[in-house]
1. Just list whichever of Lys477/Lys516; Lys541/Lys646; Lys58/Lys632; Lys198/Lys242; Lys477/Lys642; Lys512/Lys632 have alpha carbons separated by over 21 Å in the model shown.
2. Using 1/(1 + (r/R0)^6) with R0 = 60 angstrom and r between the beta carbons of Arg635 and Lys314, what's the FRET efficiency to the nearest 0.05?
3. How large is ³J(HN,Hα), in whole Hz, for each residue of the range 568-574 in order, when computed from phi with the Karplus curve 6.51 cos²θ - 1.76 cosθ + 1.60 and θ = phi - 60°, using x for Gly and Pro?
4. Just the number, please: percent antiparallel of the DSSP beta bridges in the range 520-620, rounded to the nearest 5.
5. Want the number for Arg475 to Ser292: 0.36 nm per residue separation, take away the alpha-carbon distance, what's left?
6. Given the C-alpha centroids of the range 143-172 and the range 556-571, what is the distance between them in whole angstrom?
7. What does the accessible area per residue of the chain come to in Å², with a 1.4 Å probe and no ligands, DNA or RNA counted?
8. Rounded to the nearest 0.05, what FRET efficiency is calculated for Glu383 and Tyr346 with R0 set to 30 Å and r the Cβ-Cβ distance?
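The values are calculated or read from the model by the stated rules, or taken from the named source; none is laboratory data. Bear in mind the structure is a predicted one, so any value in this text is a computation, not a measurement. We place every Cβ from the backbone using ideal geometry, glycine too, and count neighbours over all the protein chains shown. Quick note on the areas: whole protein, heavy atoms, side chains included, nothing else; ligands and nucleic acids left out. Shrake-Rupley method; radii C 1.70, N 1.55, O 1.52, S 1.80 Å.
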Amino acid sequence: LLNRFRRWPLWLLASFLMIASVQSSLLAEEQPTITVIYPKEGQVIQAIDSSFIFGNIKKVHKGDDWQLQINEQSVSVHPDGGFLAFVPIEPGEFKFKIIAQTKSPDRDYHYRFKRGFRSDFPTTELSMSLSVKVPVPLRSFSRDSLRFGDEQRIYEGDLVLSAGDQLRVSFQATPGCRAWFSVPGIADSIPMTEADPKIQAYWGESVFGVGAVPDSMRIRGIYTGFYDIPGTVQSDGSIRLKYYLAPPAKGQIIARYFLGTQSERDSIDLKPLTLPDTIITDSSSYTVVMNSENYPFTVRFTDSVQIVRYGPRKGYLSIFQPEGVEALAVGRIGDWYKLQLSIGQYGWVHHESVERLPKGYLPPLSHLVTLRTYSYSDHLIIEIPLSGKHPFKVIEHDRRTVSIRLYGVTSDTDWIRYDADDELVDLITWSQPEIGMYELTLQLTQDIWGYDGYYEGNTFYFQFNRPPENVHRLRGKTIVIDPGHSKDPGAIGPTGYTEAEANLGIALVLKKMLKKKGVNVVMTRSDASDVPLYDRPAIAKEHDADLFISIHNNALPDGVNPFVNNGSSTYYYHPHSLDLARAIHPELIKATGLDDHGLYHGNLAVLRSTQYPAVLVECAFMMIPEQEAKLKTGRFRYRIAKGLCKGIENFFKGYNRER
């Protein structure tokens with residue numbers, strides 16, 4: 001053997017020895033490991049009775065065949081090491097116990113094999129545990145004692161109410177009792193009634209899953225009551241409500257709840273309660289002010305794109321209210337002002353997004369006398385002179401009908417002047433649905449492409465964007481592609497592959513395809529640069545985008561079964577984007593070969609801009625090992641990009657420009 005080595009060039013012998021040394025070192029040092037991507041140690045899991053866990057096993061030898069168990073449930077391991085499980089969980093401190101085993105060669109195996117030893121591979125075992133916190137669900141109280149529980153409130157924070165408002169009160173307590181509340185110094189013994197057993201709904205399951213909630217989550221002992229605020233009471237000082245709970249009247253049998261399942265009804269003791277004849281009391285965690293002398297007052301919007309909501313943290317009444325708009329604040333809940341927009345329309349804004357104006361300063365009141373239209377090659381302008389900046393709301397009734405509601409405006413409209421050379425607007429009509437609400441309705445001759453509303457001084461302008469020239473062809477269009485996430489990695493797959501990487505990979509292929517078809521492609525990012533969320537639609541607006549496509553890959557909320565609920569999905573926000581979503585969605589399904597996970601209206605930041613059709617696609621699920629592995633391949637990303645390109649083409653071809 002030494003004689004044979006002597007015939008090798010010295011450099012080759014050195015290389016051989018170095019490689020052998022490195023391999024020996026790697027075999028000695030590299031060890032298989034288990035990595036859990038989700039959940040993290042100590043994390044709070046917002047789920048009911050089951051949730052998912054995923055991660056990977058780092059393989060040292062290609063032939064390793066890992067057998068994995070999580071809490072004694074067998075779990076498949078993908079060839080690249082990724083795993084995903086959906087396992088039962090329990091409230092409180094909960095522990096995932098993970099055990100993995102495989103038979104694989106050790107570093108001495110090759111030496112023994114050369115010498116004729118044929119023993120089985122040694123067994124390698126890995127184990128780890130991971131602790132999380134599972135919130136304890138609300139439970140019905142035992143009926144053997146009087147007890148108050150938590151308040152059941154829609155909104156958080158102290159209240160400022162005025163005449164005509166309704167004070168709603170609800171709390172949990174011992175089922176089957178009598179309850180009432182008082183407003184000290186104003187109203188006593190306001191009755192409350194026990195509601196039928198309530199189900200604790202879980203939004204994640206209802207939106208992305210099958211909508212099922214276990215019967216075990218039904219809660220008894222929720223009492224409700226209300227007090228209508230009269231104009232005759234006033235309390236600038238804060239008041240705490242007082243709650244009262246007493247056992248049922250003598251001889252009263254509580255049998256009213258049992259509308260649930262048969263097993264629930266069978267489990268209820270319908271005998272009279274044997275509770276001490278006493279009354280217990282509690283106080284509200286919040287305070288109430290009624291008909292305060294400090295209200296109403298005018299607020300002025302300080303944000304450039306303010307959102308007005310239907311309730312604190314609730315749905316959007318109107319978006320993109322510009323800086324300088326003024327409205328009357330008539331109440332408050334916590335951090336949110338209640339605005340009176342018209343005689344019967346109220347909205348809510350966060351107190352930090354407005355400034356309070358001096359007492360006696362009134363919001364503008366305008367009498368709209370005349371309006372007119374101006375025609376341009378790529379858009380149409382409607383000019384509406386007003387006396388101040390009023391809140392407004394745009395409503396798309398159908399593909400060709402739009403209404404603009406102007407709050408605080410009264411009609412004195414005698415003149416509407418059309419641009420005679422323009423054919424986009426077929427008819428303009430106005431109405432006054434209620435005091436302080438002026439509504440302008442525009443009927444178009446073409447499907448809505450996009451629009452914008454803004455103020456210059458006190459004049460309100462509404463702009464309709466025309467469809468691009470040669471609308472049925474891709475060539476010459478400006479399309480903005482938004483690879484979602486960047487600094488924020490987005491969803492992370494079992495092996496650590498990030499959504500930001502997958503999104504960019506698909507987007508770059510789509511860019512190449514569209515450019516070959518003569519499209520002017522604008523990327524919100526072309527690398528791992530950090531592009532803030534609200535800058536992405538701003539980029540589209542800056543480049544006069546014809547379309548906006550945001551590319552993402554999905555994950556699920558805690559507690560939703562990923563083996564049942566997964567696939568490809570498409571999202572839109574404004575009705576004029578729905579046709580684009582419907583054109584892309586079936587092509588995306590064909591391209592991925594995955595299940596149809598749904599076509600959604602979604603309140604997503606990048607979709608709210610009104611100037612162009614916009615959609616967001618969720619191509620596949622990062623958390624599913626098989627789909628993560630596909631997303632890593634250029635072939636799968638190419639198929640997705642091709643499907644998106646086809647869907648975009650179909651949208652342009654199908655646009656209905658003429659009647």
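1. Values: Lys477/Lys516 12 Å; Lys541/Lys646 24 Å; Lys58/Lys632 17 Å; Lys198/Lys242 24 Å; Lys477/Lys642 18 Å; Lys512/Lys632 18 Å.
Among Lys477/Lys516; Lys541/Lys646; Lys58/Lys632; Lys198/Lys242; Lys477/Lys642; Lys512/Lys632, the Cα-Cα distance tops 21 Å for Lys541/Lys646; Lys198/Lys242.
2. Values: r = 45 Å, r/R0 = 0.74.
Step by step, r from the Cβ atoms, then E = 0.85.
3. For the range 568-574, the Karplus curve yields 9, 9, 9, 10, 9, 10, 8 Hz.
4. Values: 3 of 13 bridges.
Counting DSSP beta bridges with both partners in the range 520-620, the antiparallel share is about 25 percent.
5. Numbers: separation 183, 0.36 × 183 = 65.88 nm, distance 6.21 nm.
So the chain would gain 59.7 nm between Arg475 and Ser292.
6. 35
7. Working: 32410 Å² over 659 residues.
Value for the chain: 49 Å² per residue.
8. Values: r = 29 Å, r/R0 = 0.97.
Using R0 = 30 Å, I get an efficiency of 0.55.
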